[in-house]
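Report on one structure; see the data block that follows.
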Amino acid sequence: MDLNFTADELAFRAEVRQWVAENLPKDLSHKVFNALRLSRDDLQRWAKILGKKGWLGYGWPQQFGGPGWTAVQKHLFEEECALAGAPRIIPFGPVMVAPVIMAFGNAEQQQRFLPGIASGEVWWSQGYSEPGAGSDLASVKTRAERQGDSYVVNGQKTWTTLGQFGEWIFCLVRTSNEGKPQTGISFLLVDMKSPGITVRPIITLDGEHEVNEVFFDNVVVPANNLIGEENKGWTYAKHLLAHERTNIADVNRAKRELERVKRLAKQEGIYDEPRFRDQIALLEVDIVALEMLVLRVLSAEKSGKQSLDIAGLLKIRGSEIQQRYAELMMLAAGPLAQPFVHEAMEAGWQGDFADAAVVAPLAGTFFNMRKTTIYGGSNEVQRNIVAQTVLG
Amino acid sequence: MDFDFSDDQVSLRDAVAKWVEKGFDFPRRHALAKAGGFSRAVYGELADLGLTGLVVPEADGGLGFGPVEAMLVMEELGRGLVNAPYAAAALVAPTLLAAGPADIQAAWLPRIATGEALVVPALNERSGRYRLQHVSTTAKPQAELWTLSGQKSVVPAADEADEFIVTARLSGAADDTTGIGLFLVNKAAAGVSVKAYPTQDGGRAGELILAGATATLITADGWPALERAVDVGIAASCAEGVGLMDKMVAITVEYMNTRKQFGTTLASFQALRHRMADVKMQQELGRSMSYYASLKLGEPAEQRRRALSQAKVQLGQSMRFVGQQCTQLHGGIGVTDEYISSHYFKRLTMLEMAYGDTLHHLGEVSARMQDTAGVFA
């Protein structure tokens, strides 16, 4: 047993830290440190910088042009990026669809799609949820009918994060109604410029346009955009879920945001007020405990000696902590959490009341974070999964 | 970073587990609790396993093991609900003695290692609650020895111990961290009396009254050793809590898969399944922070102190949640004396008060917060 990273791992961390310090644009980290609105250009600018270095696909094996890092190295990379205030990597391309293409796509698909994902040139979106298929994802109804060399897709996806920027979308589509709902699903890659696709914004309670509805009206998709076999899509989607384990806890970001909670509390003059300070202390304990849980999973992956099937716990705890720090920041703002100013999320906005730029964005972030216990399999669904491992 | 155990560590853990399984079943434990909460025979069996010398240096007849081995032993003693003052006498007391001169160590450590001497810390005073710097017991020099006057509260196995390690004030005000001496006091010495009682969790403790009791000085600068020894105690409590929680959850899972109501097992009700998922969460967060506690014992004092308080806050919450919810999940049987789970619940509850409760340590974490935080901060 040893809590410390190895000398090699520490050297790796130092290398990443230095590179990030030298390459992360300051205007981006300013926005991230203050939870301000990031444009498409902001997000893609960082993605392309990473892509050029070969680190956008930081979880990829060398065989596909990735760095071939260990689980610990990936964790350290995520940590260094988070603490330096880098925008999060939009996961749909490099983290979500790419591993599926690597594992189940054919050589032609790998050559066609992976380079654009690795470089950050092509923006991918995720087409999973539907109006009738949220946590119960297997009940997707969007149909793909085979007609010659093509599929014709009809239906609707929803909650498509940043779909307004999407150039390609990976979809779970229904190709059969036989048997269990899970068995008739296929995994299809769709060019979002195809005729018949309409993207409509959903404005969330914070006033932001982050998610969308995507409608498919007789969209023709070449059959060679099907990943793997028809009706095996559920298996591939599950592989994708299994692929991301520790990342889901987002503990590195939580550490950065805890620092921000403390800064805000100091600025608002309540850091030394015991009732508020103790709440921060409790959050600090929660974050250290989550980090230890994450490190245990990494250690188990590294040694292969003990299996730790606790992805559900990481999701539940990570999302609860995200909501809690956002809540404490909002509470730190006090009565001035109340103004609802759309421009407050823009870098450089100063407002016309005291400390407006600091306090006005905080409630928005709090409301935005309510999604975290709902998406990616709601926390109640996660509890079902955890209970299954405990009670059978 | 590596959370696997070595083969030797696994062997040690298995040896303790085997003793619990063969030699310390629930009827024995239950009878022992009813008979007053302490048995020198049980302590002797732990000594036969070498456990009383676990952290005593090899030169003094011990095994010379460290925090990880201590953690594994405590987990197993927790799992087995072993009501012996093991952590206090075999882990905390040697840590306090390590602050003393060589002749005192040579006189006591070998006898602690063999189990021949039961030496227990007597650190708490009634009005100090968990603040160990609150020492109003006084020490006055007398020839080459000292005389102590004051009262120490909830001393483990007070009427069965042979020797006490006592904090007493040499100088300063009641809450100063300077001027605190550590002393050895023999139970048979003049001016020593004990009022003992069984404890809620099936153990034994007592009030130690010192009225001009003769004492030997271990060190006149007791605070650093005291803080360190309490951190050892916290880590031991955390590990014991993990063992207790593991077993109580296992008992509850078995019960939920057996007991039927409304024609089906308890394990099939979603409200109860979700409760169990929350229990599992607290159990794993607790285990994570128990590892953290033991692995941080070697850090410099400031980092160590903060980390151990963080761990005790987590374990305090975890033990309370798991104990209370597993009792609730059992229904009526969970609150009977005859059924095993209530005894796990009582130990988990009392353990929160060992070496500082959740609110006490939350105050410590709060006071010690830095701008950055995390496992490696």
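What follows draws every value from the coordinates through simple rules; no lab data is involved. Predicted model only: the values in this text are computed from it and were never measured. Ideal geometry is used to build each Cβ from the backbone, glycine not excepted, and the neighbour counts take in all protein chains shown.
General observations
- Global form of segment B:225-367, assessed from the alpha-carbon gyration tensor, a/c cut-off 1.5: prolate
- Residues of segment A:333-360 with amide N under 19 Å of the 7 Å Cα→Cβ point at A:E208: A:333, A:337-350, A:357-360
- Peptide-level mean, for A:250-258, of C-beta atoms on other protein chains within 10 Å: 2
- In the calculated pair-distance distribution of segment A:7-91, the portion above 15 angstrom amounts to 57 percent of the Cα-Cα pairs.
- Cross-link partners of B:K140 among lysines, defined as those whose alpha carbon lies under 28 angstrom from its own and excluding same-chain residues fewer than eight positions apart: B:K152, B:K187, B:K195.
- Cα extents for the protein assembly as shown along the principal axes, largest to smallest and rounded to whole angstrom: 100, 64, 47.
- Using all pairs of distinct alpha-carbon atoms, the Kirkwood hydrodynamic radius of segment A:124-231 works out to 13.8 angstrom.
- Partner aspartates and glutamates for A:K180 [C-alpha distance under 16 Å; skip if fewer than 8 residues away on the same chain]: A:D136, A:E230
- Base-10 log of normalised Debye intensity for segment A:169-294 (one unit scatterer per alpha-carbon) at q = 0.09, 0.12 Å⁻¹: -0.52, -0.76
- In terms of its Cα atoms, segment B:104-242 spans 44, 30, 30 Å along the principal axes, sorted from long to short.
- The ranking of B:E76, B:E227 by Cβ neighbour count inside 10 Å, starting from the fewest, reads B:E227, B:E76.
- Ranking of A:W69, A:W55 by neighbouring Cβ atoms within 10 Å, starting from the fewest: A:W69, A:W55.
- Across every direction, the projection of the convex hull enclosing the Cα atoms of segment A:310-358 has a mean area of 4.4 nm².
- Three principal axis lengths of chain A [C-alpha, angstrom, descending]: 69, 52, 47
- Within segment B:335-371, GluC sites (Glu not before Pro) in DSSP loop having at most 10 other beta-carbon neighbours inside 10 Å: B:E338
- Members of A:K26/A:K53; B:K18/B:K312; B:K312/B:K346; A:K238/A:K302; A:K53/A:K232; A:K266/A:K315 lying beyond 26 Å, as alpha-carbon distances in this model show: B:K18/B:K312; A:K53/A:K232; A:K266/A:K315
- Across segment A:197-224, the residues whose backbone nitrogen lies under 18 Å from the label position 7 Å along the beta-carbon direction of A:S378 are A:205.
- Taking other residues whose beta carbon is less than 10 angstrom from the beta carbon of B:Y197, and scoring Lys, Arg as +1 and Asp, Glu as -1, yields 0.
- Compactness of chain B - radius of gyration and Dmax, Cα, Å: 20.8, 77
- Chain A: relative contact order in percent, alpha carbon pairs under 8 Å with at least 6 residues between: 14
- Per DSSP, loop trypsin sites (Lys or Arg not before Pro) in segment A:129-220 with at most 16 further Cβ within 10 Å: A:K141, A:K193
- Order of A:R263, A:R200, B:R305 - criterion: other Cβ atoms within 10 Å of each residue's Cβ, fewest first: A:R200, A:R263, B:R305
- Here A:A103 and B:S149 are evaluated by their C-beta separation; at R0 = 51 Å the FRET efficiency comes out at 0.10.
- Its DSSP H runs of at least 4 residues, each contributing -39,500 (n - 2.57), put the calculated 222 nm mean residue ellipticity of the protein assembly as shown at -15000 deg cm²/dmol, to the nearest 500.
- All C-alpha pair distances within segment B:7-114, sorted into 5 Å bins from zero, spread as 2, 12, 23, 24, 18, 12, 7, 2, 0 percent across the bins.
- Considering only Cα atoms, the convex hull volume of segment B:310-377 works out to 92 Å³ per residue.
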